[in-house]
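Following: one structure in structure tokens, then a few remarks.
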Amino acid sequence: MKMLRFALAPVLSLVLAVPAFAEKIPLGELSRYLNSLKTAEADFTQVNADGTISTGKLFIQRPGRVRFEYAAPDKTLVLASGGQVAIFDAKSNQPPEQYPLSRTPLNLILAQNVDLGRARMVVGHTADDKTTSVIAQDPEHPEYGTIRMVFTAAPTELRQWVITDNTGGQTTLILGDLQKGQTYAPSLFSITLEADRRD
């Protein structure tokens with residue numbers, strides 16, 4: 001018995017030295033969670049592709065609407081609604097830069113129905129001892145880039161995402177605690193109203 005205990009000691013020490021990897025949150029559960037996220041808001045910290053850091057507040061109203069209010073000194077405002085993304089530069093008197101929401105990986109979170117089980121949508125699904133990460137792309141247009149979403153479990157919660165654009169640049173958004181279930185006025189996400197207000 002004593003010999004057996006000594007023989008097992010190296011094996012046990014090896015097992016204890018390896019970090020415990022949590023089970024991956026299934027894609028079906030992650031899709032259910034994202035589809036249940038009708039409205040939400042949170043403070044955020046953004047790490048930009050050039051290494052600079054921005055902070056601000058995020059508002060989400062699925063499907064299709066999001067508002068990023070960047071804090072001073074940036075004061076940029078980014079709105080998505082009506083299938084468009086508009087970037088309002090506080091330092092410019094020009095109309096906002098606009099492009100289709102469908103051409104950004106963020107569209108995968110804001111879609112009417114998120115289905116991470118769709119063929120060729122998820123290109124990575126991993127877990128460590130604390131989080132589950134999913135890398136997703138538009139199956140029809142992988143050239144638009146990817147979004148890596150990071151979730152914690154029990155309960156499932158979105159904690160951050162990393163968008164890799166079509167040039168390979170990465171933008172990381174780290175979320176504070178998500179506050180859910182609010183009601184927002186449509187004007188909060190209106191690109192037209194915001195543009196009129198700034199004229």
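The values are calculated or read from the model by the stated rules, or taken from the named source; none is laboratory data. Just so it is clear, the structure is predicted and the values come from calculations on it, not from any experiment. When we count neighbours, we look across all protein chains shown, and the Cβ atoms used for this are built from the backbone with ideal geometry, even at glycine. Each accessible area value is taken on the protein alone, full model and side chains, heavy atoms only, with ligands, DNA and RNA left out. Shrake-Rupley method; radii C 1.70, N 1.55, O 1.52, S 1.80 Å.
Restricting the range 161-186 to residues that are open to solvent by less than 70 Å² (accessible area, probe 1.4 Å) and of a type in the set (Ser, Thr, Tyr), the residue that is nearest to residue 38 (Cα to Cα) is 184. Only a single item in (1) open to solvent by 30 Å² or more (accessible area, probe 1.4 Å); (2) in contact (Cβ under 8 Å) with a residue 40 or more places away in the chain; (3) under 22 Å from residue 48 (Cα atoms) is not met by residue 147, and it is number (1).
Scanning the range 102-136 for residues that are at pLDDT 95 or above, of a type in the set (S, T, N, Q) and open to solvent by less than 50 Å² (accessible area, probe 1.4 Å) returns 131, 132, 133.
In the set 49, 71, which member is closer than 25 Å to residue 182 by Cβ and exposed (fewer than 15 other Cβ atoms within 10 Å of the Cβ)? Before the answer, list the steps.
Details: 49 fails: closer than 25 Å to residue 182 by Cβ.
Just a single option satisfies the conditions, and that option is 71.
Report yes if residue 34 is among the hydrophobic types (A, V, I, L, M, F, W, C), in contact with a Lys or Arg (Cβ under 6 Å, 6 or more places away or on another chain) and either surrounded by 19 or more Cβ atoms within 10 Å (Cβ to Cβ) or not in a strand (DSSP E or B) (or both), otherwise no. Here the answer is no, as residue 34 does not meet what is asked.
Okay, residues lined up against (1) polar (S, T, N, Q); (2) within 16 Å of the chain's Cα centre (by Cα); (3) at pLDDT 95 or above:
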| site | (1), (2), (3) |
| --- | --- |
| 20 | no, no, no |
| 27 | no, yes, yes |
| 39 | yes, yes, yes |
| 42 | no, yes, yes |
| 47 | no, yes, yes |
| 57 | no, yes, yes |
| 60 | no, yes, yes |
| 76 | yes, no, no |
| 79 | no, yes, yes |
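Identification of strands (runs of 3 or more DSSP E) wholly contained in the range 58-130 with 3 or more residues that are under 22 Å from residue 166 (Cα atoms) and free of Cβ contacts under 8 Å to residues at least 60 places away in the same chain yields 97-100.
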